[in-house]
1. Check every one of the strands (runs of 3 or more DSSP E) wholly within the stretch B:304-403 and list those with 1 or more residues that are at positive phi and away from chain A (no Cβ under 13 Å).
2. If residue A:201 meets every condition in (1) at pLDDT 95 or above; (2) within 20 Å of the chain's Cα centre (by Cα); (3) surrounded by fewer than 24 Cβ atoms within 10 Å (Cβ to Cβ); (4) within 14 Å of chain B (Cβ to nearest Cβ) apart from one, which number is that one?
3. Counting just the residues of the stretch A:204-214 that are under 13 Å from residue A:75 (Cα atoms) and at the interface with chain B (Cβ under 7 Å from one of its Cβ atoms), which one comes out nearest to the chain's Cα centre (by Cα)?
4. With the requirement that a residue be touching a helix residue (DSSP H, G or I) at 6+ places or on another chain (Cβ under 8 Å), part of a helix (DSSP H, G or I) and at pLDDT 90 or above, what does the stretch B:209-245 give you?
5. Do we have residue B:297 as in contact with a strand residue (DSSP E or B) (Cβ under 7 Å, 6 or more places away or on another chain), surrounded by 19 or more Cβ atoms within 10 Å (Cβ to Cβ), closer than 22 Å to residue A:219 by Cβ and away from chain A (no Cβ under 12 Å) here?
6. Among the strands (runs of 3 or more DSSP E) confined wholly to the stretch B:3-94, which include 3 or more residues that are under 26 Å from the mean Cα position of the chain (by Cα) and surrounded by 19 or more Cβ atoms within 10 Å (Cβ to Cβ)?
7. Tell me which of these residue B:335 doesn't satisfy, since it passes every other one: (1) surrounded by fewer than 23 Cβ atoms within 10 Å (Cβ to Cβ); (2) modelled with pLDDT under 90; (3) more than 30 Å from residue B:392 (Cβ to Cβ).
C-alpha cells in the first residue's frame, strides 16, 4: 500500500509528522503537562496521586464519554449539572422508600437522568428546537425540580453498605468509580466504533440533510444521544451521592462546563461530525491532571479558576493551530 | 479587441508535495477580450486562478498587469491592481440588498462614521448604467434569480475598478435563457475594455463567447489559439489527451433505443401547493428519462417529492404497479429508489467521513448484524463500488472531500448501487464534473439501464439530455409542458417547449 499512502499524503498535503501531531496533539499536550508538573513537584506522579486523579475525574469522565455523542451529532447538553443532583436525590429517596433496597435506588437515579435526557432529545429531535436553548432551559427546570423535591437541606445516606461501597469501596486497591468510568468508556467506545448507531451519529453530525436522504432515522438517533447523555449524568449523580454519603439539590453546580471542556479539549469538534470517545477520556485526564497539579503546587482556588480557563483556551488554540499547520 | 497585452503570466509553477499542480504555465489576456480557460478537474485551473487572485503564491513565475509587476500571494494587492474573481458559488451576503452587496466593506462615510447613502446610490447607479446592467438596488440578493446574482458580482468587481475579471464556471447554476443574459453582460464588459477569463467545462459556451482559448492539462498549457482557429474536437483532445478523447466521442454517439420493460416508477396527479401541479410520469425498466426545463420550473421539487424528501400534497405514486406512500426518504429507499441530489456538497456527501462510510450509509442493514457493523461486509460492499465505478483514488479510508467532483458523484451513485437500487433519480448529475468523468457517468447510467434499472434525470444541460435520454419531459411552471420520444428529441423542440406554452 506504499503508493496508496503516497497518494493519500499528496491529497491531504500533510507530512506524516504534522498529521500525527494533528491527530494526537492532545496526547502530546497531556504528556508535556505531566512532565512539567512532575518536574515542579515529583509527588505529582506518585502512584497514590495518579490513582487520586483518576478517582477525581471519574464523574466528569463518565459524563463526558456519555455526552460525546451529543456533540458529535452536532448538539450540546448543558443540562447535565442539575441531573447529577436529581439522580442523587432520587437514589436517596428510593433507598428510604424501599427499606434500603440497592437495585431500585440505582435504577431510579439512572432513570431520572435518562428521563431528562429523553425530554431534551424529544425537544431537539422531534420539535427541532436548538439544543443550546433546550438544554439551557432544562438546566433551569431540572435544578428547580431538584430544589422542589429536595429542598435546601442535605439528605444523609448512612446505609446500606453496598450503596456506600459504590462511592468509596476499593477493589485491588482501586476505587470503584474508576472501574465504572473505565467500563462506561469501553461500552461507549464500542458503540462508537462498532455499531450502525455510532456511524449514524457521525453521519448526522457531519451532514443532517444528507443523512435524511440516506434514510437514516434522524429523530430516533438524536433522541437517543440525549438520553444516553442524561443517563450518564444519572450514573455520575448516584456515584457522587455514594461518595459523599449525602444527596443535595445543589450538587453538580457548574459541572456541565467541566464536562464540555473535557469533550472539547479532547478534540471533538463542537461543529459536529468528528470526534471520538477516547478523546473525551483524554480530555477528562487533562482537566483532572490540571486541577490536581495546580492544587499540589498550592495554587489558590481563585487563581486555579483563572489558570484553568486560560489553559483551556490555549490548548484549543494550539489544537486549531496544529490542524491548520498540518493542512498547509 | 485591441492588441495591448493587459495581463501576462509567465512560467507559473506550483507544487504540493511531489504533485505539480501547475508546471510552467503561461497566460496572457488582452484588454477587451474574453479568454476561455479549459481543462479537466485537477488540470491546474483552480491553482492558476488562485495564483492570479493572490490566494496562493507560486513557486516560480512572473505576473504583470499593464506592464507593472503584481506581487504574488497577496489578495489585496491583486484586487488593487484590478484583478477580480467571480466564483462558482455566489460570494454575496444573501440577506443584504444589491446596493449593500456592491459597496460592502467600502462604504463612503461622513463624519462620525455615518454612511453616505445617497452618494453610494448615485455612484452605483452610474456604474450600472455605464455597463448596461439593470438591477433593483434595494432588492435583497436572495430574492434575485441566479443570473442577476452573477450580475451583482460583476457590478461589485467593476466598482473595484477591475480590469481583469475571472469567472469560474459562471453558468453552472444557470438555465439556458439566463446564459444568454449573462453573455450579454460579458459582451458589455468586453466592449468596455475589460479582460474576462472565462473558465468552463461547457464547450458550446466557449465557442459562443470566447475570443481565444487556453487549454491546460496536468499543469501545462497544451493549446492556446484564437477560437476561430480551433474546433471542439481539438479542444477535447488537448484536454484529455488523444486516447480518452476518442472514448468520449463514442460515448456521446451511443444512443440506443432500449426496448423498455415494465413500468417501474409512475405517478399521477402529483401536486404540491405553489410548486407543481398535476404531474404525471412513467419510467420503465431499462429506460433513461430526462426532465428538463428552465430554472424555476420546479423540477427538483418534483423529483424530491418522488423520493419522499418533501412529500407532495396530493396525487399517487406507484412502484412496480403498486401504490405506495412515500412520506420519508427511508420509505422510498425501502422501495428500491435511490436519489442523487443536485447539490452534492450540501445534501449528498459526508465530506469529513471516509469514502467507505459514504458508500454504505444508505444501506446500513446490509452491513449490520444485530446492530453491529460487520467490517468484512462493509469493506466488501465499499470495495466493490470503488472497483465497479472506477473511483480514484481507490481508497475507502480517505475522507470524501479528498475526491474530485466527478469521483464524488461516483460515490453518490455507488451509494445506491451498493444496495441494488433499481430506480435511480439523479438531479443535475454532472454539474461541475469534468469531461472525462462525465463520459464515465453516462456510460455507467447506460449500462445500468441496459441491466434493467429505471433512471430519471433532471438536467439543464442540453448536450447531456440529447446524449443520454430515451425520453424527455419538459417542465414549465410546475407542469409537464411536453414529452418527446426518440427522434423527436431535438434541441429546438425542447427549448421552445421549455420557454413557452404550457400544454393545455
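The values are calculated or read from the model by the stated rules, or taken from the named source; none is laboratory data. Just so it is clear, the structure is predicted and the values come from calculations on it, not from any experiment. A quick note on method: Cβ atoms are made from the backbone with ideal geometry, for glycine too, and the neighbour counts reach across all protein chains shown.
1. Output list reads B:314-319.
2. (3)
3. Filtering the stretch A:204-214 for residues that are under 13 Å from residue A:75 (Cα atoms) and at the interface with chain B (Cβ under 7 Å from one of its Cβ atoms), the one nearest to the chain's Cα centre (by Cα) comes out as A:206.
4. B:209, B:227
5. Criteria not met by residue B:297.
6. Those strands (runs of 3 or more DSSP E) span B:19-30, B:34-38, B:83-86.
7. In the conditions (1) surrounded by fewer than 23 Cβ atoms within 10 Å (Cβ to Cβ); (2) modelled with pLDDT under 90; (3) more than 30 Å from residue B:392 (Cβ to Cβ), residue B:335 misses (2) alone.
Quick grid of which residues meet (1) more than 20 Å from the chain's Cα centre (by Cα); (2) buried (at least 19 other Cβ atoms within 10 Å of the Cβ); (3) on the phi > 0 side of the Ramachandran plot:
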position	(1), (2), (3)
A:271	no, no, no
A:294	yes, yes, no
A:302	yes, no, no
A:317	yes, no, no
A:320	yes, no, no
